[in-house]
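Contents: one structure, followed by commentary.
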Amino acid sequence: IKLVVKPESLESIKSLVELKESNHITQQFAMKVAKNLFNFMESFNTSTSSDTILQVPANVFNKWYDKFTMKFKYDPNFVFKTD
C-alpha cells in the first residue's frame, strides 16, 4: 500500500467541497426538472388501456418548455417547491 499526501491550501479544499455541493444541487435540480416534465406529459395521456404506453400530443414538449421557462423566469427554485 502506498499513501501519498499532498499539502493543499485551505482555500483549495474549500473550493472542492463547494464544487461537490454544487454538483449535488445540480443533480437534484435536474431530477426535479425531469419529474416536472413527466408529470406534465402524464396529464395529457390519452391512452385508455392499462398499457404502460404514454400517449401525448406531439407538441407536448413545446407546451411544457414554454410553461417551464415562464415559471423559471419568476422563480428559479420553483421545481424544489413541488413534487
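Points to keep in mind about this one:
- Per-peptide average of other Cβ atoms within 10 Å, ordering 33-46, 69-82 highest first: 33-46, 69-82
- Per-residue Karplus couplings for the stretch 73-80, computed as 6.51 cos²θ - 1.76 cosθ + 1.60 with θ equal to phi - 60°, are listed in order as 4, 7, 8, x, 9, 4, 5, 7 Hz, Gly and Pro entered as x.
All of the numbers you see were taken from the coordinates with simple rules; none came from a lab. Nothing here was measured: the structure is a model prediction, and the numbers come from that model. All Cβ positions, even for glycine, are placed from backbone atoms using ideal geometry, and neighbour counts span all protein chains on display.
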